[in-house]
Amino acid sequence: MSFVLNRRRFSAGLALAPLATGGALSGCSQIPDRVKIGVAQPLTGPIHELGKDLLNGVQLAVTELNAANYTINGKRVTLEVVAVDDKSDAETGKAVAQQLVEAGVVAVIGHLNSGVSIAAAPIYAAQGMAQIAISTNPKFTELGLDTTFRMVANDHMQAKAMGSYAGAQFGDVPYAAVDDGTPYGKGLIEGAARELKARKREIVLQQSFDDKTVAFDDLAARIKAAKVGVIVSTLNDFQVIALIEALRKVNHTDVRMLGGDTLKTTGMLKARGTIRGIHATSPVLEAKEFLSGRAFLSRYTSAFKIAPAYGGHYTYDSMHVLADAIQQAKSVKPRDVTAVLRRISGSAPVTGSMRWDDKGEQRYAAVGVYDLGRDGWNLRIRSDTW
């Protein structure tokens, strides 16, 4: 069961029943009939398909858990998803984080964007509420909060993968480094650039945009003038498609594009074959790479009538591990659940297991490098020791 939180309607409900949420969670052993799980993702805007995929993963897990008669301390309960739209915006992220706190959720699976996760983290932490994010910027877990948990590898590992793979595989050609201006994008490009320079590769052009720009004619002209052979980028998929179109207009298509995980989407299929090569690094390994992945894909497509767009299998697994933590805590108090997550080695149905270190970094994490081919993204190499 799920619903999308409406701020106005929720506030009105509080006025009528100010003790409803608090009463359900008070008392050392009381377990409510319904347990709310917060999901905060970008559900509108340019990357809404990724956010919706992450929401779908949680919803699928909740549907299955409810169907299996999920219990806490012997009591059957109904898990309920409370979904909010952070719009990929830090200020909106803080506002919806507060809404989830007021709604009485036990924990939050969110956010996608690193800048949003970092901005919202102190709000969850003030309540002792676990925040399980797919965001990859290292600053998220460097805030010194007990409540931050990351699902996948962070940008330190991904930056090493980008720089070392490009430097080793694409040779001694001029490089361009282009980021989307977000904490995720800038941090990842800076790390990749350091790795490239360590490998004696020359970056002849480096520029930062925002995460919405699609006008790249000037950049394409300068890329051509500098004879760039490889573009290392953290632009979003729709931005890279626009940049490739600009490169095509200036007849500079003998170039490779190596992106981060926001490039590795099904939306990029429309750009295959347009330049020499399109490649992506990602800490979000594909479901089909795991032994149980194909069964998950079958259930997902049956439930939502579409193929996964990004990392729904990670939020699916996160929900299952969170459900285990709630059962082990025998409590729906956020601080109790967070304490269990800190020590749990949870069984993740698709990816195998999830376990966090003392900072909230995922112990079992790797980064893959993918090529875009005729049949989609194909894994080239995967490592946890870049």
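If a residue has to be assigned to a helix (DSSP H, G or I), farther than 19 Å from V240 by Cα and not polar (S, T, N, Q) to count, how many in region 163-204 make the cut?
Matching residues across region 163-204 total 9.
For region 325-361, how many residues are of a type outside the set (G, A, S) and without any contact (Cβ under 8 Å) to a residue 40 or more places away in the chain?
Number of matching residues: 8.
Could you say which residue among A215, A246 is farther than 23 Å from D375 by Cα and crowded, with 17+ Cβ neighbours inside 10 Å?
Within the list A215, A246, the selection yields A246.
Give region 337-356 a look and list any residue that's open to solvent by 40 Å² or more (accessible area, probe 1.4 Å) and either in contact with a Pro (Cβ under 7 Å, 6 or more places away or on another chain) or under 17 Å from L145 (Cβ atoms) (or both), or say none.
A339, R342, R343 - these are the residues of region 337-356 that are open to solvent by 40 Å² or more (accessible area, probe 1.4 Å) and either in contact with a Pro (Cβ under 7 Å, 6 or more places away or on another chain) or under 17 Å from L145 (Cβ atoms) (or both).
If a residue has to be β-branched (V, I, T), under 17 Å from V106 (Cα atoms) and over 19 Å from the mean Cα position of the chain (by Cα) to count, how many in region 298-331 make the cut?
The total comes to 1.
Step by step: first the residues of region 120-138, then only those that are crowded, with 24+ Cβ neighbours inside 10 Å and touching an Asp or Glu at 6+ places or on another chain (Cβ under 8 Å), then the one that is modelled with the highest pLDDT. Which residue is that?
A120
Taking region 268-280 on its own, how many of its residues are assigned to a loop (DSSP other than H, G, I, E, B) and basic (K, R)?
So the answer is 2.
Need pairs with beta-carbon distance below 8 Å; first residue in contact (Cβ under 8 Å) with a residue 40 or more places away in the chain and basic (K, R) and within region 87-113, second crowded, with 24+ Cβ neighbours inside 10 Å and in a loop (DSSP other than H, G, I, E, B); sequence gap 6+ or separate chains.
Filtered contacts from region 87-113: K87/P42.
The values are calculated or read from the model by the stated rules, or taken from the named source; none is laboratory data. Keep in mind it's a predicted model, so treat the numbers as computed, not measured. Quick reminder, even Gly has a Cβ in these numbers, built from the backbone with ideal geometry, and neighbours come from all protein chains shown. Note: areas computed on protein heavy atoms with side chains; ligands, DNA, RNA excluded. Shrake-Rupley method; radii C 1.70, N 1.55, O 1.52, S 1.80 Å.
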